[in-house]
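Quick notes on the structure that follows.
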């Protein structure tokens, strides 16, 4: 402890900040009232995210299907892992989407 910190008095805090409402109070009425604004903001983010891609929003559908096909070929055909009687494509699609 240096001499400067000894000269600074300790402050005792007596202000406690608490939330005014609980975390599960979602106020869905306000969300519904401003649904147009929320829709515009979601659309803006969606367009900005996919603006420079060739496939655009189809990538949301294509990517899990391609991943599932790769898993089916590698784990099902090459490694011969058991899926306990389930079809391999369905098994790996369920794992990919979860």
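The values are calculated or read from the model by the stated rules, or taken from the named source; none is laboratory data. Remember, it's a predicted structure, so these values are computed and weren't measured experimentally. Because the Cβ atoms are built from the backbone with ideal geometry, glycine has one as well, and the counts that use them run over all protein chains shown.
Quick notes on this one:
- Of all residue pairs spaced 6 or more apart or on separate chains, those with beta-carbon atoms under 9 Å, a first member in region 28-50 that is more than 24 Å from residue 60 (Cα to Cα) and a second member that is part of a helix (DSSP H, G or I) are 31/38.
- The listed residues are 26, 37, 81, 15, and the only one of them that is at pLDDT below 85 and within 23 Å of the chain's Cα centre (by Cα) turns out to be 26.
- Residue that is free of Cβ contacts under 8 Å to residues at least 24 places away in the same chain and exposed (fewer than 12 other Cβ atoms within 10 Å of the Cβ), where the choices are 74, 62: 62
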